[in-house]
There are 8 protein chains.
Amino acid sequence: MSWNVYLAGEIHSDWRERIAQGTKQAGLEVIFTSPVTDHAASDDVGVAILGEENNGFWKDHKGAGVNAIRTQTLIRQADVVVVRFGDKYKQWNAAFDAGFAVALGKPIIALHPEEHNHALKGIDRAAMATAETPEQVVGVLRYVLDGKLPASA
Amino acid sequence: MSWNVYLAGEIHSDWRERIAQGTKQAGLEVIFTSPVTDHAASDDVGVAILGEENNGFWKDHKGAGVNAIRTQTLIRQADVVVVRFGDKYKQWNAAFDAGFAVALGKPIIALHPEEHNHALKGIDRAAMATAETPEQVVGVLRYVLDGKLPASA
Amino acid sequence: MSWNVYLAGEIHSDWRERIAQGTKQAGLEVIFTSPVTDHAASDDVGVAILGEENNGFWKDHKGAGVNAIRTQTLIRQADVVVVRFGDKYKQWNAAFDAGFAVALGKPIIALHPEEHNHALKGIDRAAMATAETPEQVVGVLRYVLDGKLPASA
Amino acid sequence: MSWNVYLAGEIHSDWRERIAQGTKQAGLEVIFTSPVTDHAASDDVGVAILGEENNGFWKDHKGAGVNAIRTQTLIRQADVVVVRFGDKYKQWNAAFDAGFAVALGKPIIALHPEEHNHALKGIDRAAMATAETPEQVVGVLRYVLDGKLPASA
Amino acid sequence: MSWNVYLAGEIHSDWRERIAQGTKQAGLEVIFTSPVTDHAASDDVGVAILGEENNGFWKDHKGAGVNAIRTQTLIRQADVVVVRFGDKYKQWNAAFDAGFAVALGKPIIALHPEEHNHALKGIDRAAMATAETPEQVVGVLRYVLDGKLPASA
Amino acid sequence: MSWNVYLAGEIHSDWRERIAQGTKQAGLEVIFTSPVTDHAASDDVGVAILGEENNGFWKDHKGAGVNAIRTQTLIRQADVVVVRFGDKYKQWNAAFDAGFAVALGKPIIALHPEEHNHALKGIDRAAMATAETPEQVVGVLRYVLDGKLPASA
Amino acid sequence: MSWNVYLAGEIHSDWRERIAQGTKQAGLEVIFTSPVTDHAASDDVGVAILGEENNGFWKDHKGAGVNAIRTQTLIRQADVVVVRFGDKYKQWNAAFDAGFAVALGKPIIALHPEEHNHALKGIDRAAMATAETPEQVVGVLRYVLDGKLPASA
Amino acid sequence: MSWNVYLAGEIHSDWRERIAQGTKQAGLEVIFTSPVTDHAASDDVGVAILGEENNGFWKDHKGAGVNAIRTQTLIRQADVVVVRFGDKYKQWNAAFDAGFAVALGKPIIALHPEEHNHALKGIDRAAMATAETPEQVVGVLRYVLDGKLPASA
């Protein structure tokens, strides 16, 4: 039973690695996918490949299109989507991905510090689970795939 | 020709094992999936992973969300859904899963004792087959996958 | 802004009337639909129209088919589905309707006494709101349609 | 030719009124819908109707569910969705609504000040038009419904 | 509560009129639609409008395309589809329409003499009701729309 | 029985007027919609409303987005789509609209001079009817809505 | 490039074998599926597995349900559906399967003798190709999968 | 992470080979599919397999049907669709394929010389990226699959 799990959202901390490591240690068959997490590459990709732009809006537009090919395709292929909100930035892409996934009928897991609870209440409501740590996400995936509770439980 | 068959419903008897054993003996290529059948784990999973709750309603709510990640994903991946109703409990989840599967266009097989016939008439009507024993479900799967009737037929 | 609201489930108490009366008093534009709530008619409809059956299973089967024409069509036409669970009977049709509606992307409101909380945790999780009284459902509809809180709030 | 246009997002400025007024002056047949824009009501609705909660997370959860009945239904009914991002707050609901609408195939119009261009590049890319003022949205709707350019053009 | 009911199939007897008359007498709000029932017009429509063909196959092909614009659109608009099989001809269009409607999630009612029971078992199984007379179809529609059994019941 | 018919494609001849006039004379209840047929307005709309662009590509991009809000919405609302190809220009939008409509399950009618038969074979194959004159389209609509052949037939 | 091709319809001649043999000789990667072609087994399956019935209608009903689990699942899994009409019987199931497949967006290939052309015009119109011999179907599959015309062409 | 990429459009230059070679050199796991690019075979396939036609329109019609089995199936299977417009011919099939893919929610990449920018503005707007050279498409695919910018960037 191998599942596709898309890891959406914040790209400035090691939460993806911690989830990947935890699921590996738990012996789960999960294929993780994600947006491109190299911030500079993600910002420059449009003009780097498709030609320079003088106007910042259109530079962003070109880049966002190329990134969307990746993210929308991977969300459509995913069985479950984890959406992470961190401490900084607006992170509107993360919220957009959450809405996109929910409308397609994908179960989502929200991952964010407690301080965002009120601002993220709509997304937490749409989510099947809200976690505060990557380890909790690993716990959810272990239960979902293998039916096991954490050892400490 | 390998099929995914989701075994929904009652978790207090050995019907899943009997179906699995019967299909194995018949040499059928079936991948069976199911909800987590460890009742205690299923009840506790929300708080065990995502943090304690004082209120029973929210404890259940957290657990139900985690379980739904598993069950809804597996129903979407399934080719056929078997829905079992046993002797005890309300088993509303089983009926919910049946409605969920039918709306997605999945064929369902109902499995329950004759005494529930009247109460389950709506689900039996929505089902493609109603069986009383796990062995009959094996019979249906053998015919559906391999085109063979029971030896005794 | 007129909404279609389907009132699924229990047919032995006056909850539908109380919701209809409450929304009327609140001046809301709601079109309510429901299954046929005449229990005897609902049970007999198959054989009364399409011919007698000796076998109870097929009598039920015929009747359930005719009822499903009504209920599935009305659920598909509905914007919101309220699902009521009462004190008696198995009420598997109510749970089936809930699953059917959720898979179609319809928001559902669960309505049941607190004593069913644990047994209905899966459906409460899939619901956007869980109410214990018809008056609370009226409150939800008033807010949803007109954006107003209860006077006492 | 009457269209349903859902006005998602920021609820602290008069942008909805300005769009409504502008389309009225232009003689367009548009039915506007929106989330409940009374911030306090929106925050309190869950507990005001469905019962108190000690825990802020569950208070928010209850309220978010009731609000989602309204917003998801209206987005599904809409022909076009305008998504407004203002100066303050995280506004993750707005971004969630944008993703939800796009996945359903609804054309969206983004409305936000230029300063958010970079942070909103993903949503601007998914949008069919990006406007900075409500009057520009009126201009888009006038063209879309009546085929007319602004008088000054 | 006005429903769209598409009357598919046989065009050589007065069954559509009998259903229309019966529902009118019962005071039901039903909008009936149907294929073009003028056999000669239906056969000739392609070449009559779009130009002559020497080859019978292409004459039929042209006509079938024009008829499909009507029939597929009306089936998509319908809430319920009645499929009638008569005594003569192959009536493959009726069976095609039944399959088309079922795949779209429309409830169908089969209407045919008992002698076709075995040959139509697959379609009767996919149908929510099987009737032998137009009056039984009226009975089903009366129950489905108004919740009433036949007076004689 | 009122139908929505979207008239896609060429905007430099009077074919839309001829179809509208013909259906009016025939007494048909059809609501026609179309893209904005004022070529200059269609080209300028993006910059006229949303701000100037130095770069022709982005000027076109802005305008195409605004036009797409109209065209994609109207195609989704349509029961039938007529796609007209004229003598001049590449008319790739017309072909795009045809593909878009077919993928959504809408029946399409192709309208073009015989000289384009070979180049349009793929679209003619996807169409339910191919006409050479607007009057033939009127003939198709009259048959489809009212079941009548042309008087001369 | 391996495709799933469902072979629907007539079960009394060797057309399936001829197609399978032809595609094998052509070296095509095709997985063929089909209904159960053992006529007696297909008729008896319901009662043989799920219990006897006195009434022929319900015997057929039970059997048709079990067969539908197989056929509807395989049609949903198929990339292409071939629908064969032979010389005998009503073959309404074949026409039903054609309509079912078309509504799901599956391309269908009709296979029947010329004598059925007029009666099957609606299905031929919905099909992407009409063949008279199994060898022509092999030709179509060879072109579709490998891009090659028949050697004799 | 292996993706299916459908290469639609122009069949008279070596752009498909250049994309295939470039992705191979980049070590990407991509499965490319395409229409049959042998122009003569594509034109003749209908009559070569299914029988001669005197009339050019019907010859084209037969051939277009067989080609559509291939192209529509491959577009449905694709994760991404590249649509190429060259210097010659009307290339309406390419535009049709673009519209078909967009309506199915597939991200598309437009590939064409700058001179077509104005005529293709609608398709460029619907595309996630517009490229002028096959090497740019390789760049997009490398970023999308492996997250890497071009070496020269």
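Using Stokes-Einstein with the Kirkwood hydrodynamic radius over Cα pairs, what translational diffusion coefficient do you get for segment G:19-99 at 25 °C and a viscosity of 0.890 mPa s, in µm²/s rounded to a whole number? If you can, show how the numbers build up before the last one.
Details: Rh = 14.5 Å.
Estimated diffusion coefficient is 169 µm²/s.
If I take R0 = 22 Å and measure r between the Cβ atoms of A:Ile31 and H:Ala151 in this structure, what FRET efficiency does the formula 1/(1 + (r/R0)^6) give, to the nearest 0.05?
Plugging the Cβ-Cβ distance into 1/(1 + (r/R0)^6) gives 0.20.
Between E:Glu132 and G:Lys88, what is the label-point separation in nm under the 7 Å Cα-to-beta-carbon projection?
2.7
Which whole-number percent is the relative contact order of segment D:1-63 (Cα, under 8 Å, 6+ apart)?
Once divided by the residue count of segment D:1-63, the mean separation gives 33 percent.
Find me the longest stretch of chain G that has none of the exposed GluC sites (Glu not before Pro), where exposed means in a DSSP loop (not H, G, I, E or B) with at most 15 other Cβ atoms within 10 Å.
G:53-153
Before anything else, pin down the relative contact order of segment E:1-121: Cα pairs under 8 Å, at least 6 apart, normalised by residue count, whole percent.
On the way: 152 pairs, mean separation 36.7, N = 121.
So the answer I get is 30 percent.
Can you tell me the convex hull volume per residue for segment E:105-152, based on C-alpha atoms, in Å³ to the nearest whole number?
With only Cα atoms used, segment E:105-152 gives 76 Å³ per residue.
What angle do you read, to the nearest 10 degrees and between 0 and 90, between the alpha-carbon axis of helix F:15-25 and the longest principal axis of chain F?
Computed tilt is about 40 degrees.
Scaled to the compact-protein estimate 2.2 N^0.38 Å, what is the alpha-carbon radius of gyration of the protein assembly as shown, rounded to two decimal places?
Normalised by 2.2 N^0.38 Å, the Cα Rg of the protein assembly as shown equals 0.90.
How large is the charge dipole for chain B, taken about the Cα centre, if only the Cβ atoms of Lys, Arg (+1) and Asp, Glu (-1) carry charge, to the nearest 20 debye?
Around 420 debye, computed over chain B.
In percent, what relative contact order does segment G:54-153 have, based on Cα pairs under 8 Å that are 6 or more apart in sequence?
So the answer I get is 20 percent.
Taking a 1.4 Å probe, which of B:Arg18, B:Arg70 shows the most accessible area, and what order do the others take after it? Spell out each step's value before the answer.
Details: B:Arg18 90, B:Arg70 25 Å².
Accessible-area ranking of B:Arg18, B:Arg70, largest first: B:Arg18, B:Arg70.
In segment C:78-142, what trypsin sites (Lys or Arg not before Pro) fall in a loop by DSSP, with at most 14 other Cβ atoms inside 10 Å?
Loop-located and lightly packed - C:Lys88.
Take the alpha-carbon positions of segment E:62-131, form their convex hull, and give its projected area averaged over all directions (one quarter of the hull surface) in nm².
4.7
Pairing the Cα long axis of helix H:39-50 with the longest principal axis of chain H, what angle in degrees results, from 0 to 90 and rounded to the nearest 10?
40
Picking from E:Val36, E:Pro150, E:Ala103, whose Cα lies most toward the positive end of the charge dipole for segment E:6-153 (charges on Cβ: Lys, Arg +1; Asp, Glu -1)?
Positive-end residue among those listed: E:Ala103.
Could you work out [θ]222 nm for the protein assembly as shown from helices alone, using -39500 (n - 2.57) per DSSP H run of at least four and dividing by all its residues? Round to the nearest 500 deg cm²/dmol.
Mean residue ellipticity at 222 nm (helix-derived): -15500 deg cm²/dmol.
With a 1.4 Å probe and every protein chain left in place, tell me how much accessible area F:Trp58 has, in Å² to the nearest 10.
Its accessible surface works out to 10 Å², give or take rounding.
Take the Cα pairs of chain E, get the Kirkwood Rh, then feed it into Stokes-Einstein at 4 °C and 1.567 mPa s and tell me D in µm²/s.
For these conditions, the coefficient is 80 µm²/s.
On C-alpha positions alone, give me the angle between the axis of helix D:56-77 and the longest principal axis of chain D, in degrees, nearest 10.
Helix D:56-77 sits at roughly 30 degrees to that axis.
Suppose every K and R has +1 on its Cβ and every D and E has -1 on its Cβ; what is the size of the dipole of the protein assembly as shown about the Cα centre, in Debye to the nearest 20? Write down the numbers at each step before the final one.
Working: 120 positive and 152 negative charges, 0 e Å.
So the dipole magnitude of the protein assembly as shown works out to roughly 0 debye.
The values are calculated or read from the model by the stated rules, or taken from the named source; none is laboratory data. In this text, all values refer to a predicted model and were calculated from it rather than measured experimentally. Quick reminder, even Gly has a Cβ in these numbers, built from the backbone with ideal geometry, and neighbours come from all protein chains shown. Ligands, DNA and RNA are excluded from the accessible area calculation, which covers all protein heavy atoms including side chains. Shrake-Rupley method; radii C 1.70, N 1.55, O 1.52, S 1.80 Å.
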